[in-house]
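Colleague: Have a look at this one before I ask anything.
Derivation of every value follows stated rules applied to the coordinates shown; laboratory data play no part. For clarity, every value in this text was computed on a predicted model and none was experimentally measured. Virtual Cβ from ideal backbone geometry, glycine too; neighbours counted across all protein chains shown.
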Amino acid sequence: MEIEEVLQSIGLENKEIKIYLALLGEPESTATKISKLTSIDRTFIYELLNKLIEKGLASYVIKNNIKYFSAVDPGVLLKNLEEKREQLKNILPELKAKQKLIKSKTKVEIFQSKKGVSNILKLMASIGKDYFFIGGLQEICTKFENDAHLYVQIAKNLKSKGKIIARKKDNFFIGKNEDYRFVPDSIISSTSTLISGNKVAIFIWSEPYFAILIENEEVAKNTMETFNYFWNLAERPSKSDRRKRLAK
């Protein structure tokens, strides 16, 4: 990384960097000389020098009523960063406490891409609680077949049980830990909703693929009530249908 890029990353502006570097090479320079060295209009020089002085990166002496400016030792930059690091470290517990407060209310995240959807499926499976899935069974079992198998395996290992509501026309598979029922094709769409614990994930299976993750007790409870309503109306599958769909 170039010197200018590093200095920018720690909060210095372009023109401040030019002046600071010029002063490192030409200590005790006047404003006029700095203007010539940096090609920065003299009308802006004093304002920029004052900023550097406020940041502790420049100093000046007065000789014969003329100000001569110099750059402070570059080691001060590192000390300033270490000081800021300590300050951040001191307030970190307070920042984390605020983060927990936000999480306890509502958290909504949107993930885009196949990898993003895959990560949400892994996250939901690892919750370790029973899960409830409605809609889009064919889509997940064909477009995300490996992830669907992995979800079943993780859930099975964590002794989680699943309930699934599907369309009869869907081509899908199930795990031994899952129960499923059918509803008419017109009632549910190819979009999927997955509920586990206080999390609700909504999946859109068309490219570029999206997953919306909502973490909220009330939303999870209300979505669960909708699921149970359809579950109680849904048709149980035959034993032969279950055998046919059971994952190998």
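Colleague: Between the alpha-carbon centers of the range 1-64 and the range 119-194, tell me the distance in whole angstrom.
Modeller: Using only Cα atoms, the two centres lie 62 Å from each other.
Colleague: Next question. DSSP beta bridges in the chain, what fraction antiparallel, as a percent rounded to 5?
Modeller: Details: 29 of 40 bridges.
Expressed as a percentage, antiparallel bridges in the chain total about 70.
Colleague: Once you put a point 7 Å from the Cα of residue 15 and another 7 Å from the Cα of residue 108, both along the Cβ direction, what distance in nm separates them?
Modeller: With each label placed 7 Å out from Cα toward Cβ, I get 4.2 nm.
Colleague: Related question: Take every DSSP beta bridge with both residues inside the range 104-245 and express the antiparallel ones as a percent of the total, to the nearest 5. Kindly include the intermediate steps, with their values, before the conclusion.
Modeller: On the way: 22 of 32 bridges.
Antiparallel: roughly 70 percent of the beta bridges in the range 104-245.
Colleague: Next up: Can you list the lysines whose alpha carbon sits under 29 Å from that of residue 98, skipping same-chain ones fewer than 8 residues off?
Modeller: Residue 98 reaches 79, 84, 89, 107, 122, 129, 199, 221.
Colleague: Determine the dipole magnitude for the range 3-75: charges of +1 sit on the beta-carbon of Lys and Arg, -1 on that of Asp and Glu, nothing else is charged, the reference point is the Cα centre, and the result goes in debye to the nearest 20.
Modeller: Values: 9 positive and 10 negative charges, 67 e Å.
Using Cβ point charges on Lys, Arg, Asp and Glu, the range 3-75 gives about 320 debye.
Colleague: Moving to a separate point now. Using the crude model of +1 on Lys and Arg Cβ and -1 on Asp and Glu Cβ, and no other charge, please compute the dipole size for the chain relative to its Cα centre, in debye to 20. Don't jump to the answer; show the numbers that get you there.
Modeller: Numbers: 42 positive and 31 negative charges, 289 e Å.
Roughly 1380 debye, rounded to the nearest 20.
Colleague: Between residue 51 and residue 94, what is the FRET efficiency for a Förster distance of 25 Å, r being their Cβ-Cβ separation, to the nearest 0.05? Let's see the in-between values first.
Modeller: Numbers: r = 29 Å, r/R0 = 1.17.
The formula returns an efficiency of 0.30 here.
Colleague: Continuing with the same structure: Evaluate the Kirkwood expression for the hydrodynamic radius of the range 3-75, namely the inverse of the mean inverse distance over all pairs of different C-alpha atoms, and round to one decimal in Å. Mind showing how you got there, number by number?
Modeller: Numbers: mean 1/r = 0.0826 Å⁻¹.
It works out to 12.1 Å.
Colleague: Taking every pair of alpha-carbon atoms in the range 104-245, give the share separated by more than 23 Å as a whole percent. Could the numbers behind the result be given before it?
Modeller: Working: 2908 of 10011 pairs.
The proportion of pairs with Cα distances above 23 Å equals 29 percent.
Colleague: Between residue 190 and residue 157, take the C-beta separation as r, use R0 = 35 Å, and let me know the FRET efficiency to the nearest 0.05.
Modeller: 0.75
Colleague: At residue 207 and residue 130, where each label point lies 7 Å from the Cα along Cα→Cβ, what is the point-to-point distance in nanometres?
Modeller: So the label points at residue 207 and residue 130 sit 3.9 nm apart.
Colleague: So between residue 219 and residue 239, what do we pick up on full extension, going 0.36 nm a residue minus the alpha carbon distance? The partial results should precede the final answer.
Modeller: On the way: separation 20, 0.36 × 20 = 7.20 nm, distance 3.41 nm.
Full-extension gain reported as 3.8 nm.
Colleague: Starting from the 7 Å offset along Cα-to-Cβ, what nm value, one decimal, do you get for the label separation of residue 83 and residue 36?
Modeller: Taking the two extended label points, one gets 3.4 nm.
Colleague: Could you work out the equivalent-ellipsoid semi-axes for the range 77-171, taking the square root of 5 times each eigenvalue of the Cα gyration tensor, largest first, in whole Å?
Modeller: On the way: eigenvalues 334, 50, 33 Å².
Three semi-axes, in Å: 41, 16, 13.
Colleague: From the C-alpha coordinates alone, can you work out the Kirkwood hydrodynamic radius of the chain, in Å? Can you show the working numbers first?
Modeller: Numbers: mean 1/r = 0.0432 Å⁻¹.
By the Kirkwood definition, the hydrodynamic radius is 23.2 Å.
Colleague: Select from 188, 173, 205 the residue farthest towards the positive end of the dipole of the range 134-215; place +1 on Cβ of Lys and Arg, -1 on Cβ of Asp and Glu, and compute about the Cα centre.
Modeller: 173
Colleague: Can you give the relative contact order of the range 104-245 as a percent, counting alpha carbon pairs under 8 Å and 6+ residues apart?
Modeller: Details: 257 pairs, mean separation 44.3, N = 142.
That works out to 31 percent.
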